[in-house]
1. Name every residue in region A:180-194 that is facing another protein chain (nearest Cβ under 8 Å) and buried (at least 24 other Cβ atoms within 10 Å of the Cβ), in order of residue number.
2. Going by what's in this entry, would B:Lys177 be described as within 9 Å of chain A (Cβ to nearest Cβ), buried (at least 16 other Cβ atoms within 10 Å of the Cβ), of a type in the set (Lys, Arg) and farther than 20 Å from A:Ser229 by Cα?
3. Give region A:313-331 a look and list any residue that's out of contact with any Ser or Thr (no Cβ under 7 Å at 6 or more places or on another chain) and part of a loop (DSSP other than H, G, I, E, B), or say none.
4. Going through region B:247-306 one residue at a time, which ones are assigned to a loop (DSSP other than H, G, I, E, B), more than 23 Å from C:Gly48 (Cβ to Cβ) and in contact (Cβ under 8 Å) with a residue 60 or more places away in the chain?
5. Please work out which residue is farthest from A:Glu111 (Cα to Cα), limiting yourself to region A:195-216 and to residues that are facing chain B (nearest Cβ under 8 Å) and part of a loop (DSSP other than H, G, I, E, B).
6. State whether the residues of region C:217-227 include one that is surrounded by fewer than 20 Cβ atoms within 10 Å (Cβ to Cβ), within 11 Å of chain D (Cβ to nearest Cβ), of a type outside the set (A, V, I, L, M) and free of Cβ contacts under 8 Å to residues at least 40 places away in the same chain.
7. Does at least one position in region D:126-133 carry a residue that is out of contact with any His (no Cβ under 9 Å at 6 or more places or on another chain), of a type in the set (Asp, Glu) and either under 16 Å from D:Gln324 (Cβ atoms) or not assigned by TED's automatic domain parsing to the domain that holds D:Glu64 (or both)?
8. With respect to the numbered conditions (1) surrounded by fewer than 24 Cβ atoms within 10 Å (Cβ to Cβ); (2) touching a helix residue (DSSP H, G or I) at 6+ places or on another chain (Cβ under 6 Å); (3) assigned by TED's automatic domain parsing to the domain that holds C:Ser181; (4) not hydrophobic (A, V, I, L, M, F, W, C), which one is the sole condition not fulfilled by C:Tyr266?
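The values are calculated or read from the model by the stated rules, or taken from the named source; none is laboratory data. These numbers come from a predicted model, not from an experiment. Cβ atoms come from the backbone with ideal geometry, glycine included; neighbour counts cover every protein chain shown.
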4 protein chains.
Amino acid sequence: MVKVGIYGASGYTGQELLRLLLQHGQVEIVAITSRQYKGLPLPQVFPGFQGLTNLAFVDHTPEELAALCDVVFLALPHSVSMQVAPVFHAARIKVIDLSADFRIHDVETYENWYGKHTSTGLLAEAVYGIPELNRPAIAAGTFIANPGCYPTSVILGLAPLLKGNYIDQDSIIVDSKSGVSGAGREAKVDTLYCEVAEGFKAYNVGRHRHTPEMEQELSLLAGKKITISFTPHLLPVSRGILSTIYADLTKKTTAAELLDFFREFYKIEKFVTVYPDGTLPNILSVRGTNYCHLGLIVDERTNRVVVISVIDNLVKGAAGQAIQNMNILCGFAEDSGLNMMPLFP
Amino acid sequence: MVKVGIYGASGYTGQELLRLLLQHGQVEIVAITSRQYKGLPLPQVFPGFQGLTNLAFVDHTPEELAALCDVVFLALPHSVSMQVAPVFHAARIKVIDLSADFRIHDVETYENWYGKHTSTGLLAEAVYGIPELNRPAIAAGTFIANPGCYPTSVILGLAPLLKGNYIDQDSIIVDSKSGVSGAGREAKVDTLYCEVAEGFKAYNVGRHRHTPEMEQELSLLAGKKITISFTPHLLPVSRGILSTIYADLTKKTTAAELLDFFREFYKIEKFVTVYPDGTLPNILSVRGTNYCHLGLIVDERTNRVVVISVIDNLVKGAAGQAIQNMNILCGFAEDSGLNMMPLFP
Amino acid sequence: MVKVGIYGASGYTGQELLRLLLQHGQVEIVAITSRQYKGLPLPQVFPGFQGLTNLAFVDHTPEELAALCDVVFLALPHSVSMQVAPVFHAARIKVIDLSADFRIHDVETYENWYGKHTSTGLLAEAVYGIPELNRPAIAAGTFIANPGCYPTSVILGLAPLLKGNYIDQDSIIVDSKSGVSGAGREAKVDTLYCEVAEGFKAYNVGRHRHTPEMEQELSLLAGKKITISFTPHLLPVSRGILSTIYADLTKKTTAAELLDFFREFYKIEKFVTVYPDGTLPNILSVRGTNYCHLGLIVDERTNRVVVISVIDNLVKGAAGQAIQNMNILCGFAEDSGLNMMPLFP
Amino acid sequence: MVKVGIYGASGYTGQELLRLLLQHGQVEIVAITSRQYKGLPLPQVFPGFQGLTNLAFVDHTPEELAALCDVVFLALPHSVSMQVAPVFHAARIKVIDLSADFRIHDVETYENWYGKHTSTGLLAEAVYGIPELNRPAIAAGTFIANPGCYPTSVILGLAPLLKGNYIDQDSIIVDSKSGVSGAGREAKVDTLYCEVAEGFKAYNVGRHRHTPEMEQELSLLAGKKITISFTPHLLPVSRGILSTIYADLTKKTTAAELLDFFREFYKIEKFVTVYPDGTLPNILSVRGTNYCHLGLIVDERTNRVVVISVIDNLVKGAAGQAIQNMNILCGFAEDSGLNMMPLFP
């Protein structure tokens, strides 16, 4: 059994890692940390674990945790992660960082969007962990920067179009909608039930911090610098992201042709499902799972393609993809512990 | 008191007309029809009216209803409305048709998107009833084609940009999200609670029937033929539409400058509210009201403007706008019966 | 125009008072206070008021506010209200206190459930403001203790049964379910969207602070000391309370007979609606209104009566009833500003 | 691999059986039937299965299906199930019937609540399948009447109290709240999103058909005939039942003492979790799982006990318990395929 620790396990992402790792047959969770809940049994914070585990939160230092485990998941806010990551890396522990701190290769870009980076030395070690596009580097790595939730949905939706040269790379508009769990479990008026239920709004339009992450990866795919429009919205649901992606087609193409290319592109990928022509995915169809479902239409009237990409933001958009990366790092079957069916309704 | 009838009053739009008209000081509801609920007291179908009215559903012919009233609202499905509208018009009753049947001026366009039109003679009489852009024609008319819900949100959001020549007219992309009441009160698996709650999906992408209606009105505003991309989505809320509208700016402009132009453009309009720079509306802020709230940002990185337009689909998107049109037709104050504050939370 | 102030206007109850008072034709809101939001325009805190008012929050002392107005609403947490109430009362301002501080006549009972009472001198002045049962005292008073949300639903549902001697007074069990707005607008993990949506739980079972308030009023109605079982639950809705009330019948009775008695009992009451035999109310039917809807069944198998009582916790359960009390205090028509129809769906 | 069939697989219960059985390591699904969806691939009806199975609906006769499988699940409406069950039983197939048709031992009682029973000969064969109370009979049986959702939550919550003689058996009042999936996937106005969201209501008060089923099992536990009050309510959530159960204590007891007795009573039961003193369960904590969570308080003021029992109506209340029964019938580990963690948030 591989020994894993979770550093910062009291948020929704930490809880989701726990849900999935407790059902993973090849790992043992040796410690979960939380400053706020130190000493409390896990079910006192997340009652759903009542009767299912004896884990309790500890407040270990990074050094203490590193001494206990083979793999660590960092489920911390950005800028906090970069303070502890070097300790784990120095201890030769495999690190999967779920924060944004090591996703952006270019320090200046990071600092423009996020603020000061204090651990730039580790950037060169960090592998951007989207297995479908970056599997060999992940397998060879020891430090994974786990992708953001919006970027995962968008990059998987656009990769075939960019690789296949189907679209005008300056025409990309991404309109995304996310469930509330993406905002975390911190007490804030903005995410109270009464503020969210029966509501819907855009936020951080044109300035969401996932923008440079998407642009970096899309540019790598396209072989040229890409700038996109990105508008996130807050959905009155707990989980799920749906990204509606618009781009101008460079030539006349049918949806059927594009879907064939998508299917070929993702042929070996268990966690990417391409929909039949004429059908489009709903976030409900991936709830609780590590799948990304993709559908598209071609609008002949405007010669644009519209891709619909859905994921569960806490699974493929966070904890599930992190475990997928762990499986690759550890030489497990890539879908180990990730064979869930969606919970519907 | 002006005598009004509602032909087809058992759906959500009919119910909303009732909610608003029962509180309108200058009208008397003389009859509400429903084939399905004939003879039933209104509260038996909509329990919220318990104790508030003695109205009951009747199954009058158009001729019978026309004999009773001065104004009639047609809250019928498209293609049904065109069968009865001529009777009311011939009886010299003021008609406000909430269906799509008389919104599209061009018969061929209508038939391409909707199917056979059997009452083309009335098309020339029909005035497209968006008061903020078409008030004089409405005031002079007797037959109003009440706009669709999506088109209302989109046309009000784009009108200043088109009139001010701020945008490339071929670059318009509209990504809209609507509450479930827009799908009506018919029993369908697709709109069951369990199919909608915690879900989100796009539907009819590139082929929604509101597309030609928007294109017609936007083309009139622009003075040239406009084609748009339109993607509607189903939100897990009962009411509300939010349209996110993208367009390429033709010149460098700031959000502040555009917002000033919007404010000037809608200066006399009670039902259009332009948000301060840096703020964007939520559908909750117009719930139950006849307001359209508009906000925008300029994305300097891509030189695009993003307009956010929100309405309540059942009020400004249907029954409220219909009453606003009635007020104009009857010479009432335009906001008569429409001075509601939003219900929040 | 009567001049009104709201002391503590930044919560959901304060907001609801604003929604209703801004539409009330006989009052002028002269000041709204908030320590936290001092100086901010109202729409910056509650965007739904955008364009509808120029009010901004001030941080007046009670003395300053008292000097400006004829009536003041105290929308403060319990124990805070008792600190400022005496100032307003001394200034001969009409006071409507929405906290629990002056609802319990017996100091010892108050202190057992809530903690120290520091303004006991005012208790004798306070009139329990449930107009349907206490109208003359309200009309003669100057200081109103506005009832709690759960007690309003329960007292109105039980009053006829107790007055008519239909039930065993020791057999009362109240199972209530409330929307989340009852928990206020403070940022707390427990009321985050993700903690509430798709969930349901009981809380404070057997020890909710509304228990002694209900027992006090039910005892007055019965003419003897009554003890009840009370179980509140948290519903995943923003507004609404439904109380399911069980009691053993003392004699064989039919639902029809009881309903007749209820209708007679509430004959002159505009805001209490008794349902026809065989029908029961839904919280949706009173959403946004000041109505209490009552239905009941008699279970012959167990000889119990089950009363279903629904209200909107923010209206009849708080702000609406407060305005009903203000109307009585000021000699306005009792339904002035309260003629809303429910917002459905 | 044991071969299983599902007769009537197109509702929410059928879908849930599929979700669980597709992840069960010891069975193979050989056929799923649906008259309505005959010929359609499963993902066309339930898109969440896209890419996960090649199953398609067939319209086999009972005889045809019986020839293919070792175990059959009947997920049919009551009165339909009794028409086909005898065929499967005669074919010596193990049958797990999820309808109500064989739960009531007494024909007259069944017919009073449900209507004509046309297969009374099989009643003697049917074992009421609540494993925690009836395991030996299930293991020895071949025909299981799978319990109703409400009864499962109520019987598990009351069994220790009755067995331990803690309560007055005539004082039981059950106030239950269920998610909408309990109403099935049929298109009905009552379960449309707009009718349910933000709403809450009681229904079938005093006459819900699960009443005699509960009374039968509670009477068996008590050793005397028990009559209860039962009030079901419709929660605006997709899944979950919470039952609040009231009973008069026969002697002075503490919650701690009762909880100890509960823990002892369910000591060997994996799927029943008794909460620590002072804590009560939320339906979210069992979502998607086969667990029943129990908590209770003692109200010293009224000498009543209040038990809170939560289950997922589609799992422990239907498909999960059915599989638990199958595991017993087939000699599998009882938790085989049922080791899920709850999906939260």
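1. A:Val180, A:Ser181, A:Leu192, A:Tyr193, A:Cys194
2. Details: within 9 Å of chain A (Cβ to nearest Cβ): yes; buried (at least 16 other Cβ atoms within 10 Å of the Cβ): yes; of a type in the set (Lys, Arg): yes; farther than 20 Å from A:Ser229 by Cα: no.
No: the conditions fail for B:Lys177.
3. Step one: of region A:313-331, the residues out of contact with any Ser or Thr (no Cβ under 7 Å at 6 or more places or on another chain) are A:320, A:322-326, A:328-331.
Across region A:313-331, the qualifying residue is only A:Gly331.
4. Step one: of region B:247-306, the residues assigned to a loop (DSSP other than H, G, I, E, B) are B:250-254, B:266-271, B:275-281, B:287-291, B:300-303.
Narrowing the set further to residues that are more than 23 Å from C:Gly48 (Cβ to Cβ) leaves B:250-254, B:300-303.
Passing the criteria: B:Thr250, B:Lys251, B:Thr253.
5. Ranking the candidates gives A:Glu198 first.
6. If we filter region C:217-227 for residues that are surrounded by fewer than 20 Cβ atoms within 10 Å (Cβ to Cβ), which is where we start, we get C:219-227.
If we keep only those that are within 11 Å of chain D (Cβ to nearest Cβ) as well, we get C:226-227.
Filter once more, so that each one left must be of a type outside the set (A, V, I, L, M): C:227.
Right, trim to free of Cβ contacts under 8 Å to residues at least 40 places away in the same chain and you get none.
Scanning region C:217-227 turns up no residue that is surrounded by fewer than 20 Cβ atoms within 10 Å (Cβ to Cβ), within 11 Å of chain D (Cβ to nearest Cβ), of a type outside the set (A, V, I, L, M) and free of Cβ contacts under 8 Å to residues at least 40 places away in the same chain.
7. We begin by selecting, within region D:126-133, every residue out of contact with any His (no Cβ under 9 Å at 6 or more places or on another chain); these are D:127, D:129-133.
Keeping just the survivors that are of a type in the set (Asp, Glu) gives D:132.
This time we only want the ones that are either under 16 Å from D:Gln324 (Cβ atoms) or not assigned by TED's automatic domain parsing to the domain that holds D:Glu64 (or both), so: D:132.
Scanning region D:126-133, I find at least one residue that is out of contact with any His (no Cβ under 9 Å at 6 or more places or on another chain), of a type in the set (Asp, Glu) and either under 16 Å from D:Gln324 (Cβ atoms) or not assigned by TED's automatic domain parsing to the domain that holds D:Glu64 (or both), so the answer is yes.
8. With (1) surrounded by fewer than 24 Cβ atoms within 10 Å (Cβ to Cβ); (2) touching a helix residue (DSSP H, G or I) at 6+ places or on another chain (Cβ under 6 Å); (3) assigned by TED's automatic domain parsing to the domain that holds C:Ser181; (4) not hydrophobic (A, V, I, L, M, F, W, C) applied to C:Tyr266, the lone miss is (2).
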